[in-house]
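Since the structure comes first, as C-alpha cells, the remarks are kept for the end.
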Amino acid sequence: MKDDFIFGLRPVIEAIEAGKTIDKIFVQNALQGPIYAELKAILAKNKIRPNYVPVEKLNRFTRKNHQGVVAFISDVPFHKVEDIVPQLFEEGKTPFLLILDRLTDVRNFGAICRTAECVGVDAVIIPEKGAAPINSDAIKTSAGGIYNIKICKANNLAHTVDFLQQSGITVFAASEKAQKLIYDVNFTEPCAIVMGNEETGISKEVLHHSDEKIKLPIEGKTQSLNVSVACGAILYEAVRQKMLK
C-alpha cells in the first residue's frame, strides 16, 4: 500500500501539480487553513472530487502526520466517456462498453479488467465514489490488462447511462431478477453492460435507467455467481454473437 498513497497537504498539492493521476482523495471533515485552501482550489481546477471523512478513517491509512489529507495515486490514466464514445463512432467502431457499479473488491475489479481487455471492450466505466481503488493489487490481478484498456470515471452513473442511450448505445443491466437470459438479447449493436456491487448488485437508479435487464441461467442450488465470473460469461456471449454476425 505504501506505493499507492501519499499524505500531507504539501505532498498532495505537489503530486497533483506534477500531473500524477489521483484515484481517490480523502480529506478530514471541517479541515481549514491557508494550505488547505490552496489544495481545495487545485482540486477544483483539476475537477478532482474529494471524499470528506472523519479523522479516524485517515488514521487507518497511516499513523504518520497526514495533516488531514490522504490521496491514492494511480499509474493508470482516466478518461471521459463523453470523449471516448464520439471517437469510437468516428473511427467506425461499434462501441462495446462495460459499466461497473460500485464494485469494491480490488481483485474482482482487476480480474474483470483482464477479461474485458481480452474480449475487446472499448472502455470500462466506474463511479468516482464507491469503487475499488485502482492500485497495485488491481493491476497485478489484471495481468497488466488495466494498462491496455481505457478506464473512465463518472460523477453519476445514471446520467452516464442517459448519455450512452442518447448516443445510440443500448444499456444492458445484469440482474438476478431479470426475465431475459443473456442469449435472448442482441449484443452486436452498440451496447454497454452493467455489472453491480458484490453484495447489493446494481443501484436502483442505474437499474431504472437501463434499457434491458439480463441474467445468466442458474441451475444449481447456489443462486449467484462471483461478479467477475458472471461478467466473463456475459462478455463472452457478446463476443460469440459478434463473431457470428
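Out of all the residues in region 62-80, is one or more surrounded by fewer than 22 Cβ atoms within 10 Å (Cβ to Cβ), among the small types (Gly, Ala, Ser) and modelled with pLDDT under 95?
There is at least one residue in region 62-80 that is surrounded by fewer than 22 Cβ atoms within 10 Å (Cβ to Cβ), among the small types (Gly, Ala, Ser) and modelled with pLDDT under 95.
Could you please let me know if Phe172 is open to solvent by less than 10 Å² (accessible area, probe 1.4 Å), within 30 Å of Glu219 (Cβ to Cβ), assigned to a loop (DSSP other than H, G, I, E, B) and in contact with a helix residue (DSSP H, G or I) (Cβ under 9 Å, 6 or more places away or on another chain)?
no
Which of the residues that make up region 125-138 are surrounded by fewer than 22 Cβ atoms within 10 Å (Cβ to Cβ) and over 14 Å from Leu100 (Cβ atoms)?
Ser136, Asp137
Look through region 175-191, keep the residues that are outside any loop (DSSP other than H, G, I, E, B) and not aliphatic (A, V, I, L, M), and return whichever of them is most open to solvent (accessible area, probe 1.4 Å).
Applying the filter and picking the extreme gives Tyr183.
Suppose we keep only residues that are outside any strand (DSSP E or B) and farther than 22 Å from Ala238 by Cβ within region 142-161. Which one would you say is least open to solvent (accessible area, probe 1.4 Å)?
Going through the qualifying residues, I end up with Ala158.
Tally up the residues in region 6-34 that are out of contact with any Phe, Trp or Tyr (no Cβ under 8 Å at 6 or more places or on another chain) and open to solvent by 70 Å² or more (accessible area, probe 1.4 Å), please.
Here the count works out to 8.
Does region 226-244 include one or more residues that are in the same structural domain as Val121 (by the TED database), in a loop (DSSP other than H, G, I, E, B) and open to solvent by 80 Å² or more (accessible area, probe 1.4 Å)?
Within region 226-244, not a single residue is in the same structural domain as Val121 (by the TED database), in a loop (DSSP other than H, G, I, E, B) and open to solvent by 80 Å² or more (accessible area, probe 1.4 Å).
From Ala158, Ala111, grab the single residue that is within 26 Å of Glu212 (Cβ to Cβ), touching a Gly at 6+ places or on another chain (Cβ under 9 Å) and modelled with pLDDT of 95 or more.
Ala111
What number of residues in region 197-225 are part of a strand (DSSP E or B) and open to solvent by 20 Å² or more (accessible area, probe 1.4 Å)?
5
Could you tell me which numbered condition Pro86 fails, if it satisfies all but one of (1) modelled with pLDDT of 95 or more; (2) open to solvent by less than 10 Å² (accessible area, probe 1.4 Å)?
(2)
For Val194, indicate whether it is part of a strand (DSSP E or B), open to solvent by less than 20 Å² (accessible area, probe 1.4 Å), of a type outside the set (Gly, Ala, Ser) and assigned by the TED database to the domain that holds Lys129.
Answer is yes for this residue.
Out of everything in region 89-124 that is among the small types (Gly, Ala, Ser) and touching a strand residue (DSSP E or B) at 6+ places or on another chain (Cβ under 6 Å), what residue ends up being surrounded by the fewest Cβ atoms within 10 Å (Cβ to Cβ)?
Ala123
The values are calculated or read from the model by the stated rules, or taken from the named source; none is laboratory data. Predicted, not measured: the structure shown is a model, and the values here were computed from it. In this analysis, Cβ positions are derived from the backbone assuming ideal geometry, glycine residues included, and neighbour counts consider all displayed protein chains. Only protein heavy atoms, including side chains, enter the accessible area calculation; ligands, DNA and RNA are left aside. Shrake-Rupley method; radii C 1.70, N 1.55, O 1.52, S 1.80 Å.
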